[in-house]
Structures are given as C-alpha cells and as structure tokens.
1. Given the convex hull over the Cα atoms of the stretch 61-113, what projected area results after averaging over all orientations, in nm²?
2. Can you give me the three principal axis dimensions of the chain from its C-alpha atoms, in Å, biggest first?
3. Which residue fluctuates most in the GNM of the chain (Cα springs below 10 Å): Lys49, Lys16, Lys64?
4. Between Ala52 and Val108, what is the FRET efficiency for a Förster distance of 22 Å, r being their Cβ-Cβ separation, to the nearest 0.05?
5. Nearest 500 deg cm²/dmol is fine: what mean residue ellipticity at 222 nm does the chain get from its DSSP H runs of n ≥ 4 alone, each adding -39,500 (n - 2.57), divided by its residue count?
6. How many lysine pairs are close in the chain, with Cα atoms under 16 Å apart and the two 8 or more places apart or on different chains?
7. If the elastic network links every pair of Cα atoms under 10 Å, which of Asn26, Asn60, Asn96 fluctuates the most in the Gaussian network model of the chain?
8. Students often get this wrong: which residues of the stretch 48-70 have the backbone nitrogen under 13 Å from the point 7 angstrom along Cα-to-C-beta of Asp30?
Amino acid sequence: MESRAILRHARIAPRKVQIVLDLIRNKPVDEAAAILKYTPKAACEPVGKLLASAVANGVNDPAKMMDKNNMYVAECFVSPGPTLKRIMPRARGSANRILKRTSHVTLVLKEKE
C-alpha cells in the first residue's frame, strides 16, 4: 500500500526544496515531521504540510486504511515547475531578467511489512 500527495506550483526554487527532501527520505513519518519542524529552511513549511496531507490520504482512505505508526517516506522528489520571468531595471536604461522559479513536489509514503 502507498499513499501519495503532490504539491504543484510552490513558489520556491527546486534546489532549495531538494535539500529538505534529502533530510526526510526513508525516515518514519513521526521522525520526518520532527525534522521538518526544527529545520530552519524556507521549504520546510510547505513540505511539512505535504507530509501531513500524505499521511491523511493514507489513514482516511477506506481502500487503503494504513497505520500511521508503520508509515515511512518511501519516495520524495521535486521537479521544476513553470518559471515566472520578471525584469529588473539596471544602469543606462538596460534591464536584467529575474527568474522566479517554482516547484512540483511529490511525496510517497509506504507501510513497513
């Protein structure tokens, strides 16, 4: 059995989210939640909410009926979403492009046998 949750169009760069996902991969759900709560990274808040959503998807779905105490983070990955392109004025009338990157984060939980 597996439970999954997907966060789309998160306004944070994928490389910042990847650092946080590497911390919780293959950890039990309780330990992953504690790591996310006490790690001072910007990506921890949306990933924490995503983890809570994945747990709720597994526990509350009548077809799955997973046990929260046996769940662990089996897979977690991030892929780049659409990039918002903005312009910043520079010297002598020129302009620089600012790339505001977005992320699609996927979290898969499985039960230990």
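Here, each number is a calculation from the coordinates, and none is a lab measurement. Just so it is clear, the model here is predicted, and its values are computed rather than measured. Because the Cβ atoms are built from the backbone with ideal geometry, glycine has one as well, and the counts that use them run over all protein chains shown.
1. Its average projected convex-hull area is 5.8 nm².
2. 65, 28, 16
3. Largest GNM mean-square fluctuation: Lys64.
4. Computed FRET efficiency for Ala52 and Val108: 0.90.
5. -10500 deg cm²/dmol
6. Taking the Cα cut-off of 16 Å, the pair count is 14.
7. Between Asn26, Asn60, Asn96, it is Asn96 that shows the largest mean-square fluctuation.
8. Counting only backbone N, you get 68-70.
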